[in-house]
Amino acid sequence: MSRMLSRMGAWLHRQMPTHEQLEGNRFTAPLARRQELFRFTRRSVPRGVAVGLLVGIFALIPGVQIVGAAMMCVPCRGNIPLAAAMTFLSNPATTPFILAASIWLGNHLGYHADLSTFYALYESGAGVGAWGSWLLSDAAPALLVGLFVISTVCAALGYVLSMWFWRWWIGRKHHARRLRPVRADSAAVPVPTKSENAA
C-alpha cells in the first residue's frame, strides 16, 4: 500500500504546475506569491480537503467548483491543489446520488420536495428549463438544506481524516528515518562469533 501511495504522490507532484508557470499566468500570479497556499503542511492539507469537499458538493456546477474552492482557500490558508482535486468527487457519476440524498435529507428536515418528480426528470433526460421550474417550485429549500448539511458533514469528516492520515504519514516517515542510521551502524560493527565469546 505504501508503494502505491508513494507512486500516486510522485504522479501528483509531476502533474502540478511549477511556481514559475503560476507566476507567468496573469490570473494566478497574485496567488503564486503566497507559497503557503501550495505547500503540503499539516495545517494546509486538512483545510484544503475540507474546503474542496464543502465547495465541490454544495456548488455542483463544474467550472464554479474549482474556482470557488481556490478562492475559499485564500482566507482559510488551505492547500489549493488539494481543494481543486477534492471538487472532482462530485462528478457526473456521483451527482445524481448527491442530489437524491440531499432532497431526501431536506425532506426529513421538514422541507418538501417530490422525489418521484426528481427521478422522472432524471430518467427522461429533461432539459435545463424543466429542472429550473421544478427547483423553483418547492424543491429548492429541501435541496439547498440537504446539500448544505451533506457538504458540511463531508467537509468535517474530510478534515479529520486527512489530519489523521497526515500525522500517520509523517510519523511513518520519521520512524523510517530514525531506523536508517541504526541499520547503517549495525552493518559496520562486526558481530562476535562463538569462538571469540568463549575466549
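Going by the structure shown, is L147 under 28 Å from the mean Cα position of the chain (by Cα) and under 30 Å from G9 (Cα atoms)?
Values: under 28 Å from the mean Cα position of the chain (by Cα): yes; under 30 Å from G9 (Cα atoms): no.
The answer is no for L147.
Every residue in segment 92-125 that is touching a residue at least 40 places away in the same chain (Cβ under 8 Å) and either of a type in the set (A, V, I, L, M) or under 16 Å from L60 (Cα atoms) (or both), please.
The initial filter retains those residues of segment 92-125 that are touching a residue at least 40 places away in the same chain (Cβ under 8 Å), namely 98-99, 101-106, 109.
I98, L99, A101, S102, I103, L105, L109, listed by residue number.
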* Residue that is modelled with the highest pLDDT, among those in segment 32-55 that are over 13 Å from C76 (Cβ atoms) and hydrophobic (A, V, I, L, M, F, W, C) -> F40
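Need at least 3 residues that are free of Cβ contacts under 8 Å to residues at least 12 places away in the same chain per element, so show me which helices (runs of 4 or more DSSP H) inside segment 5-91 make the cut, counting only ones lying wholly within it. Outline the logic, then answer.
Details: elements: 19-24, 29-32, 44-59, 62-76, 80-86.
Output list reads 19-24, 62-76.
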* Structure fact -> Subset of segment 124-162, residues under 15 Å from G106 (Cβ atoms), aromatic (F, W, Y) and modelled with pLDDT of 80 or more, comes to F148
* **Of residues in segment 95-123 being loosely packed, with under 14 Cβ neighbours inside 10 Å and in a loop (DSSP other than H, G, I, E, B), the one modelled with the lowest pLDDT** => H112
* Return the total of residues in segment 48-65 being more than 22 Å from Q35 (Cα to Cα) and not hydrophobic (A, V, I, L, M, F, W, C). => 3
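The values are calculated or read from the model by the stated rules, or taken from the named source; none is laboratory data. All values reported here derive from a predicted model rather than from experimental measurement. So basically every Cβ, Gly included, is an ideal-geometry build from the backbone, and we count neighbours across all protein chains shown.
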